[in-house]
Structure formats: C-alpha cells, structure tokens
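Every number in this text was worked out from the coordinates using simple rules, so none of it is lab data. All values reported here derive from a predicted model rather than from experimental measurement. Note that we place each Cβ from the backbone using ideal geometry, even for glycine, and neighbour counts take in every protein chain shown.
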Amino acid sequence: MESLEIKRMDLFNNVYKNKKVLITGDTGFKGSWLCIWLKELGADVYGYALPPLTNQDNFVTTNLATKIHHADGDIRNLKKFSDYVQQIKPDIAFHLAAQPLVIESYNNPHYNFETNLMGTVNFFEVVRNCPSIRAAVNVTTDKCYQNIEQAIGYTEEDRMGGDDPYSASKGCSELITHSYQKSFFSKENTAAIASARAGNVIGGGDWADNRILPDMIRAYKNNEVSIIRNPQSVRPWQFVLEPLFGYLKLGEKLLVSGKQFSGGWNFGPYPNETYTVNDVVTEVKKVIPSIKTDETSVKEKLHEANLLQLNITKAITKLDWKPKLNFSETIQFTIDGYVQELENKNIYQDRVEQIKAYCKK
C-alpha cells in the first residue's frame with residue numbers, strides 16, 4: 001500500500017512509480033533535486049553525468065550516489081552514453097546535462113557549444129535508438145529566446161536566438177529538438193518528445209560561481225561582502241521545485257497522452273512575480289539581516305540581458321501546472337535550504353521535507 005507521505009508528494013497520478021527514469025546531469029543542481037523527488041515517488045532512477053564539481057554540490061551533500069543508480073560519463077561521448085542507455089532500457093528520459101552558466105560560456109565558448117549542441121544531438125540519437133523510451137524532455141532555459149528586452153513575456157512560438165554564447169547554444173538546442181521532433185519522432189511507435197524552458201532557478205544546493213544567491217551565501221558563510229552585479233536586471237526567479245514540478249508534469253502527459261504534448265513549454269513565475277536582482281538582495285536581508293553586500297561596476301562588461309520574462313499561459317491551461325510560491329516564499333524556501341546545509345543536518349531528508357512542504361501548497 002502506498003504511504004500517505006508519498007501520496008502527498010505525488011502530483012503526477014502515480015505515473016512514475018516503478019518506472020525506469022534516466023536523468024542526464026544528475027550531479028547538477030536541478031538534476032539532483034529531480035532525482036530526489038523521483039526517488040521518493042518510487043521511481044527507479046538512473047543518472048548519467050560528469051562527476052560533481054565540489055564536495056558542496058547537492059549530489060554529494062545528499063549522498064545521492066547511494067540512493068540511485070549513477071554512472072560517470074560525458075554526454076559528448078555518444079558511444080559510451082548509448083551503451084549505458086541500451087543496458088538500462090529506461091521508460092522516460094530527462095536531459096539536464098549541459099554547460100549552464102552565461103559567464104562560463106564567454107570563458108570557454110567551444111566547450112559551451114560542443115556540450116549544449118552535440119549533447120542535445122547525442123541525447124536524441126540515443127532516445128530514437130532505444131525502443132523502451134516512450135517519452136523524453138530536453139531541459140533548456142528562458143534564455144533560448146531572441147531577447148529584445150520586451151515588457152511582455154515570451155511565448156513558446158517566439159523566435160529562438162541569443163547574443164551571448166550560452167543563450168545562443170540553448171536557442172540551438174531548441175532548434176535541434178524541433179528538428180528531431182519533425183524528422184524522427186513524428187511517426188507512430190516513436191517516443192513523444194518535448195522541451196522545457198525555465199527562468200532563473202534558485203534553491204539550496206546551488207553553489208555555482210557568479211550566481212546571486214550562491215555568491216551571497218558564500219560571502220555570509222565566510223563573513224565577507226558579497227558583490228552585486230547588475231542590480232536592476234529583471235529575472236523570472238523560481239524556487240527549484242517550481243520548474244521541476246513542470247518537468248514532471250510534462251513527462252506525465254507525454255507518457256499518458258503522447259505526442260499531443262510535444263513541443264516547447266515555458267515554466268516561470270506569474271508576470272507580477274518578476275523582480276530585480278536588487279529585490280532579491282532586499283528580500284534575502286529580511287531573512288538574514290547580517291548579510292553584507294555592495295554593488296560594483298564590472299570593468300569588462302559582458303552582455304547579459306536586463307529584462308527577461310516568460311508567458312506561462314500554455315502550461316497553466318494545458319498541463320494543469322501553475323506556480324505555487326510567491327516571491328517572498330521563493331526566497332524563504334531558498335534560504336531555508338542553504339541554512340540547512342550550513343547547520344550540517346541530514347541534507348537528503350531536509351530536501352524531502354522541502355518537497356513535502358512545497359506539495360502542500
């Protein structure tokens with residue numbers, strides 16, 4: 001008999017229980033959180049990714065390697081990745097393995113494009129050659145759109161693009177997804193595939209460089225001043241479980257209803273819940289007043305968008321998905337996750353409790 005605790009976390013009609021679920025990028029921030037949620041839903045979780053970057057990574061602090069099936073591997077190596085998938089024969093696959101940072105894409109553009117483009121190609125090559133996979137979701141970003149700094153949210157039909165290498169690579173990943181959908185996955189008896197586009201995702205377990213929340217918490221931990229870049233930039237801030245709820249809801253629909261749910265899907269906050277970097281700083285200081293910050297002007301001005309919003313009407317009306325947290329709750333959930341890490345508790349169980357609290361919303 002299914003426990004009450006699992007039922008409280010299952011917003012997906014029990015579709016993932018006993019399913020083999022493949023997650024590329026499981027050692028990453030969102031990938032590790034996705035593994036935890038699926039594991040608690042009774043899925044048989046298989047991860048494929050590069051080793052964690054640091055001992056602070058969510059994959060390490062939650063001891064996830066002992067709870068799921070994980071294999072170290074580079075998504076650019078098609079043969080090794082294909083051999084792994086053919087061996088495990090998953091039912092559904094989520095692709096999160098990627099180079100995820102704008103500034104890093106300037107530092108190493110070749111790696112950025114190779115990983116984010118050919119990684120997507122390799123993912124769909126493996127999916128189309130593995131008959132057991134019935135559904136697949138490619139996770140990209142809101143930055144896949146050609147950003148013209150418009151005041152209204154981008155819809156799924158807006159033009160792909162990107163001025164910086166990261167954004168351009170994610171726009172290309174979307175075009176690759178569309179091409180594979182039309183060329184290989186439009187036929188009967190093939191997997192139903194889709195892409196998921198989310199905003200600025202925050203939460204405990206993210207320790208990437210040059211990201212506002214990790215930088216602030218690092219500075220707080222070391223009693224240092226956090227330098228705030230681009231304080232007036234507007235972003236669709238989301239607690240990590242918001243888009244994951246969307247990814248899992250999309251996967252459920254693909255598994256149950258098939259190709260009618262193919263295509264691109266936006267997951268972001270409501271239009272009135274989009275705030276500046278400075279708003280984030282202000283809200284964090286309400287939770288941790290002793291955090292010290294200072295604004296700076298960067299000598300080498302790399303291009304980063306000032307205004308970026310998503311239109312989430314499609315996901316609300318067709319997926320039965322909607323954001324559960326307002327801005328204040330988003331920051332509170334995020335800071336709670338970091339505080340739990342700093343206090344050295346049972347991090348895996350803390351993550352599970354946050355999933356439960358989120359689902360009660």
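For the reader, a short list of remarks on this structure follows.
- Spin-label model distance (nm) - GLN87 vs ILE227, 7 Å beyond Cα toward Cβ: 4.5 nm
- Taking label points 7 Å from Cα along the Cα-to-Cβ direction, ASN278 and HIS178 give a separation of 3.7 nm.
- For GLY204, distant residues with modelled amide H under 5 Å away: GLY337, TYR338
- For the range 1-128, with +1 on Lys and Arg beta carbons and -1 on Asp and Glu, the positive-most of ASN18, ALA71, ALA93 along the dipole: ASN18
- Placing dummy labels 7 Å off each Cα toward the beta-carbon, the span from VAL287 to GLN150 is 3.3 nm.
- Computed extension length for HIS110-LEU307: 68.3 nm, one decimal, from 0.36 nm per residue of separation with the Cα-Cα distance subtracted.
- Only DSSP H runs of four or more residues enter the estimate; each adds -39500 (n - 2.57), and after division by the residues of the chain the mean residue ellipticity at 222 nm equals -12000 deg cm²/dmol.
- For THR141, residues with placed amide H under 5 Å, excluding near neighbours: ALA198
- Within straight-line reach of LYS259, meaning a Cα separation under 22 Å, sit the following lysines at least 8 residues removed in sequence or on another chain: LYS17, LYS19, LYS20, LYS89, LYS182, LYS187, LYS249, LYS314, LYS318, LYS322.
- Under the criterion of Cα pairs below 8 Å and six or more residues apart, the relative contact order for the range 203-361 equals 35 percent.
- For the range 93-186: rounded, prolate or oblate by the Cα gyration tensor [a/c cutoff 1.5]: oblate
- In percent, rounded to a whole number, the relative contact order of the chain is 18, using alpha-carbon pairs under 8 Å and six or more apart.
- Restricting the range 166-253 to GluC sites (Glu not before Pro) that sit in a DSSP loop and have at most 13 other Cβ atoms within 10 Å of their own Cβ leaves GLU188, GLU224.
- Bridgeable aspartates and glutamates around LYS79 (alpha carbons under 15 Å apart, same-chain partners fewer than 8 residues away excluded): GLU125.
- Share antiparallel - DSSP beta bridges, the chain, percent rounded to 5: 10 percent
- Nearby aspartates and glutamates by direct alpha-carbon distance to LYS7 (threshold 15 angstrom, same-chain neighbours under 8 apart not counted): GLU40, GLU353
- Per-residue 3J(HN,Hα) values for the range 121-133, derived from phi via the Karplus relation 6.51 cos²θ - 1.76 cosθ + 1.60 with θ = phi - 60°, read 4, 4, 4, 6, 5, 5, 4, 6, 9, 10, x, 6, 7 Hz in sequence order (x marks Gly and Pro).
- The range 42-130 shape via C-alpha gyration tensor axes, a/c threshold 1.5: oblate
- The range 1-84, relative contact order [Cα under 8 Å, separation at least 6], %: 27 percent
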